[in-house]
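Worksheet: one structure, shown below.
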Amino acid sequence: MFDFSQQSVELQARLSAFMDEHVYPNELAYAQQLHAASDRYGYLPLMDELKQKARAEGLWNLFVPPSLNQFCDHDGLSNLDYAPLAEIMGRVLWSPEVFNCNAPDTGNMEVFMKYGSEAQQEAWLKPLLNGDIRSSYAMTEPQVASSDATNVELSIRRDGDEWVLNGRKWFITGALYERCKIFIVMGKSDPENANRHLQQSQVLVPKGTPGLEVIRPLTTLGYDDAPIGHAELVFNNVRVPLDNILLGAGRGFEIAQGRLGPGRIHHCMRLIGASQRSLELACERAESRSTFGKTLSQHQSVREDIAKSFAEIEMMRLLVLKTCRRMDEVGAKGAMDLIAASKISVPLMAQTIIDRCMQIHGAGGLTEDYCMAEAFNYARWCRQADGPDQVHQMALGKMVIKRHTQD
């Protein structure tokens, strides 16, 4: 049903081999370096070593699509061709950065590719593509329901030849990372505009700009997602040049829509990988442990959980691949229904699958001795990231009703 290009097939084999040789054997070393670090949000030497190896093997910036291949060293990969690669990376939550394919940087790089000026691309896109710096995307705010992006209240006001920013943001992924150097910040530049989708703009704020303060790290279910992390920020009369605006005043909502579509699917791709690995570990566990005179794998309830998980992973994978193919054919806007369906279904289903696999591992499944507890946390916060379930259900329901009731 889904035929991958020869380029994708070859990359899948090379990426899997790289994971086997360099990533899985280093999971413990990575955790040890992170726990031993004096700064949990500093860079890890192991990550730099692995990035050098990945780049040398041509496993770099694989997320870049064919339409933007002038920015990478390969022909570009369609969404369909990239999906199995992102799934492989998703088997180890920190591994996408090894290949310069981690969120939020992939989405931010695409923003610079699509909407950035030549000067902005030179200053920020090039070092991001090289993996020299990291970035953040600042949209969510604590005082409003940010599931409606038009609610954002951070003020972007023009004062002479500068933009002045005032407001608060939180759950800003990557903000704490030592190598994060640039923030893409969404706020209101024209709050009185009658068209609420033209009230917002997006402005570039370099880290260290006076008035920009990182208030605190935030956790999700107790995980701090170091070294990338999530943070609460305050912008107190932060001033940047007029040239730091992206695309133009009033174009912020448009940029956000263009950025979030592919990003939602990338998360779904990675969650399939996390679910698949959890299932494989659960099968191994079921064969290696015995209770009441027989292996776990011989118990009916365990077999049922394994069977349901297998079926659901196949359903997730097929839905995401169908979505990717539609995006390749008609663009993200034309595939909004399937993107919403994927975003509604995959994180929740992955959460359920990983939970079953944790259960099969007993109390150990709740610990960091295995990858599943952190993967469960990832699936859970993906149900909020890039729009909560309810928003996508509302949008998809509206589309489906309209489709089947139009004359």
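Which residues, counting only those in segment 91-102, are over 13 Å from Leu128 (Cβ atoms) and either within 13 Å of the chain's Cα centre (by Cα) or surrounded by 24 or more Cβ atoms within 10 Å (Cβ to Cβ) (or both)?
Within segment 91-102, the subset over 13 Å from Leu128 (Cβ atoms) is 91-96, 98-99.
Across segment 91-102, the qualifying residues are Leu93, Trp94, Ser95, Pro96, Val98, Phe99.
Please count how many residues of segment 62-90 are out of contact with any Phe, Trp or Tyr (no Cβ under 8 Å at 6 or more places or on another chain), part of a loop (DSSP other than H, G, I, E, B) and buried (at least 22 other Cβ atoms within 10 Å of the Cβ).
So the count comes out to 1.
Do we have any residue at all in segment 372-387 that's modelled with pLDDT of 95 or more, more than 30 Å from Gln32 (Cβ to Cβ) and crowded, with 21+ Cβ neighbours inside 10 Å?
No, because not a single residue in segment 372-387 is modelled with pLDDT of 95 or more, more than 30 Å from Gln32 (Cβ to Cβ) and crowded, with 21+ Cβ neighbours inside 10 Å.
Looking at the structure I just gave you, is Arg168 crowded, with 23+ Cβ neighbours inside 10 Å and either farther than 30 Å from Asp73 by Cβ or of a type outside the set (A, V, I, L, M) (or both)?
On the way: crowded, with 23+ Cβ neighbours inside 10 Å: no; either farther than 30 Å from Asp73 by Cβ or of a type outside the set (A, V, I, L, M) (or both): yes.
No: the conditions fail for Arg168.
Does any residue in segment 189-211 that is closer than 13 Å to Glu254 by Cβ come within less than 7 Å, Cβ to Cβ, of a residue that is outside any loop (DSSP other than H, G, I, E, B) and among the acidic types (Asp, Glu) six or more places away or on a different chain, and which pairs are these?
Hits for this filter: zero, empty list.
From the set of residues in segment 114-135 that are without any contact (Cβ under 8 Å) to a residue 60 or more places away in the chain and under 24 Å from Glu87 (Cα atoms), which is surrounded by the fewest Cβ atoms within 10 Å (Cβ to Cβ)?
So, considering only residues that are without any contact (Cβ under 8 Å) to a residue 60 or more places away in the chain and under 24 Å from Glu87 (Cα atoms), the one surrounded by the fewest Cβ atoms within 10 Å (Cβ to Cβ) is Asn130.
For segment 277-293, does any single residue satisfy the condition of being touching a His at 6+ places or on another chain (Cβ under 8 Å) and of a type in the set (Ser, Thr, Tyr)?
Yes - at least one qualifying residue is present in segment 277-293.
Going by the structure shown, is Asp369 outside the structural domain of Val92 (by TED's automatic domain parsing), among the acidic types (Asp, Glu) and surrounded by 19 or more Cβ atoms within 10 Å (Cβ to Cβ)?
no
Sort out which residues of segment 283-323 are assigned to a helix (DSSP H, G or I), of a type in the set (Gly, Ala, Ser) and exposed (fewer than 13 other Cβ atoms within 10 Å of the Cβ), and write them in order of number.
If the condition is that a residue be assigned to a helix (DSSP H, G or I), of a type in the set (Gly, Ala, Ser) and exposed (fewer than 13 other Cβ atoms within 10 Å of the Cβ), then Ser288, Ser301, Ala307, Ala311 are the ones that fit.
The values are calculated or read from the model by the stated rules, or taken from the named source; none is laboratory data. For clarity, every value in this text was computed on a predicted model and none was experimentally measured. Here the Cβ is made from the backbone with ideal geometry for all residues, glycine too, and neighbour counts use every protein chain on show.
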